[in-house]
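Here the structure is laid out as structure tokens; the discussion comes afterwards.
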Amino acid sequence: MKKWRLLPVLAAKGIVQNGNVYYPYLVSAVFSVFTYFAFTSILHNDLIQTLPHSTYAWIMLLIGRVLLGIILLPFLYYANSFLIKRRKKELGLYSLLGLEKKHIGIMLFIEMLIGYGISAGGGILFGTVFSKLLFLLLLRLSSLPVDAEFVFTWKAVRETLVFFAAVFFFNFICNLIPLHRVRPVELLSGSRKGEKEPRFLGLWTVAGLLALGAGYTVAVRAETDSMIFFNFFLAVFLVITGTYFLFTSGSVAFLRLMRGNRRIYYQPSKYITISGMYYRMKKSAAGLSNICIFSTMVIITLTCTITLYAGIDEITHYDYPYDIKASYDGSGISSAQVEEKAAELAEKCNQTILRLDSFEEIVFPCGKEGIRFQEEFPSERVRDNYKVHFITLEDYNRLSGEREELSDGQVIIYSTGADYNHEEMEFMGITAEVKKEIKELFPYPKEERNKLRSEFIVIVKDDETRRDYIKVWSERTLEPAEDLEKTIRQKTGIVLEGKDEGKKEFAAEFAGWCRRQTGFFMNVSDGLEGRAILYSMNGGLLFIGIVFGLIFFMCLLLVMYYKQISEGYEDQGSFEIMKKVGMGDEEIQGAIRKQVLMVFVLPLAGSLVHASVGMVMVSRLMAGIRMFDIRLLIFCEAGVGLAFIAVYGISYLTTSKSYYHIIK
């Protein structure tokens, strides 16, 4: 009976006496609960679902919370596994003093309840205090109204408590498994065990080099096509695998080769460094690979989200060149009527019309091979499929302000992606001379790197010539020419200047007028609304990127801190032995400082290389969503990289103090 009464006391003392490893674990758990609760609170806040354009930010948050749960589980598992490893000696001592394994298990369960209570209570408390601040940050980044009230929801509390109860219980079960498998004597020495030297060093080193090389190759060679996301995840998997193998096996294999070189190894300063590094890499290479991976995640996550947010104007420029655009049947209503209505509304809404374009076009989905346009290719050749717009010379001259002329059999061509670069064009059997290839044409923005959704605009002499192209398309695809001619659309695009409220009023009234013209208007595209949606989505992405960057950095700090603590305890004996054989304190500390610094520079260097290579693929992912500004991406990566190096260095210096304190 006394044992049962003693167990809660031992559980509380275990937390206090192991504070140097337990407190960082609890801080990490509180931070994890805080972030999860904040995400959940915003998701369940009724206001986020009623604000204009907030649906897209809400979807980003929903996806982010799922990813957050996937990240937090292994993060807290790692922290817990280190915690129980440091306490194996203590648990073994309890066993030798008479506590049975069931008693130790109950003591660990009580510790779990205490840790869960502190983490859940602290995280929800901080979340309640700071969730409104995060909510306002999300609204600001998403360009949503910020004079909104944040409401506390018990549903968020319940979901957070359930999720972390499952996480803590999972860790508790993982703690019981080794406890019931080993003897007390093994527990007494368990905390001294570092990472075992891997077997088949050469094989795993080659495998690591091959995996890393394959990952880099996929990243560099990937193109902006339908396989880009598959290639991205494949490259990530290969790089992570290669990093782990090279840190756990490749580094040890390299140091073993260095030890085999007598001329290098038996120099006093190099002897200490190589021996120390060899020991460190054997026992902590797995931790270093985690540091490298988390560092890479921080750099890439922040670079991508900051670049997207900073480049939003370019993205909206490609997707919404007009503030409002109408597509209608020109036989039922004339462009003059539409322009007259636009002028009337501009005066009413106190707006200036900067640009008002009316033109007529027909669009065909085509495959392209050399100079020849034909029916679309099957899915495996989707990159060779394009939209081909046919407009008349009269409309082109009005759009561009030029005064071009065309003879029979001549066309002017324009590509929104890579240049056409041919002197002839063949369309379904009709061959035409390319008189000129133009380099820009509003409202079709050009970008050489646009390989996924590039289009061709073909300017023909007149409407009769365009009907010839419609006829050959009809013969090839067996679509009636009369039906195809009905798909010719008159389009009017408008760019406004004035106050935002006036623009919104203009867009609403113009769209309402178009809808009342029954049977004539096919589509009215509100560019103002589209841009607002993009701002909302990218703001949500930036918010998630900032939070995830903080989480990855918290993971990095915890791994770094625990690594310093474990190595400090394990290096105490080595430090004493070096003093006994006659080495001075300054010489020993210099050697240790050099080893520690080199060990922590390795994952930093690896992460910077990974991020630099990864940016090649990231730039192509960005191109898929119309963000083509490579200079902005490089600038953001450089800024994030320099900031990360500074914070990483400060974190290293801070956590290394714990190491030096222990070995002294």
Complete set of residues in region 464-503 that are among the small types (Gly, Ala, Ser) and part of a loop (DSSP other than H, G, I, E, B)
Gly498
So, restricting to strands (runs of 3 or more DSSP E) that lie completely within region 325-439, which ones have at least 2 residues that are in contact with a Lys or Arg (Cβ under 7 Å, 6 or more places away or on another chain)?
352-369, 385-392, 410-415
What about Ser331, is it at pLDDT below 65 and open to solvent by 40 Å² or more (accessible area, probe 1.4 Å)?
no
Within region 62-95, restricting to residues that are under 16 Å from Val30 (Cα atoms) and among the aromatic types (Phe, Trp, Tyr), the one that is modelled with the highest pLDDT is Tyr77
Residues of region 305-320 that turn out to be of a type outside the set (Phe, Trp, Tyr) and open to solvent by less than 30 Å² (accessible area, probe 1.4 Å), as a count:
7
Yes or no: region 137-160 includes at least one residue that is in a helix (DSSP H, G or I), loosely packed, with under 14 Cβ neighbours inside 10 Å, modelled with pLDDT under 80 and in contact with a helix residue (DSSP H, G or I) (Cβ under 9 Å, 6 or more places away or on another chain).
yes
Identify, by number, the condition in (1) open to solvent by 80 Å² or more (accessible area, probe 1.4 Å); (2) within 25 Å of Ile291 (Cβ to Cβ); (3) at pLDDT 70 or above that Ile645 doesn't meet.
(1)
Name the single residue, out of those in region 96-110 being open to solvent by less than 40 Å² (accessible area, probe 1.4 Å) and not in a helix (DSSP H, G or I), that is modelled with the lowest pLDDT.
Gly98
Quick check on region 425-468: of everything there that is closer than 16 Å to Lys368 by Cα and loosely packed, with under 13 Cβ neighbours inside 10 Å, which residue is modelled with the lowest pLDDT?
Gly429
Subset of region 38-61, residues surrounded by 21 or more Cβ atoms within 10 Å (Cβ to Cβ), under 21 Å from the mean Cα position of the chain (by Cα) and at pLDDT 70 or above, comes to Ala38, Phe39, Thr40, Ile42
Please indicate, with yes or no, whether at least one residue in region 387-405 is open to solvent by 20 Å² or more (accessible area, probe 1.4 Å), under 20 Å from Cys366 (Cβ atoms) and out of contact with any Leu (no Cβ under 7 Å at 6 or more places or on another chain).
yes
Could you count how many residues in region 600-618 are under 17 Å from Ala310 (Cα atoms) and free of Cβ contacts under 8 Å to residues at least 24 places away in the same chain?
0
For region 408-424, how many residues meet the condition of being over 17 Å from Ile362 (Cα atoms), among the polar types (S, T, N, Q) and at pLDDT 90 or above?
1
So, of the residues in region 623-637 that are in a helix (DSSP H, G or I) and open to solvent by less than 50 Å² (accessible area, probe 1.4 Å), which turns out to be modelled with the lowest pLDDT?
Gly624
Region 507-536 - residue that is touching a Lys or Arg at 6+ places or on another chain (Cβ under 8 Å) and open to solvent by less than 20 Å² (accessible area, probe 1.4 Å) and, of those, nearest to Val338 (Cα to Cα):
Phe510
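The values are calculated or read from the model by the stated rules, or taken from the named source; none is laboratory data. On a predicted model such as this, the values are computed, not experimentally measured, just so you know. Note that each Cβ is placed from the backbone with ideal geometry, even for glycine, and that neighbours are counted across all protein chains shown. Side chains are part of the model used for accessible areas, which takes the heavy atoms of the whole protein and leaves out ligands, DNA and RNA. Shrake-Rupley method; radii C 1.70, N 1.55, O 1.52, S 1.80 Å.
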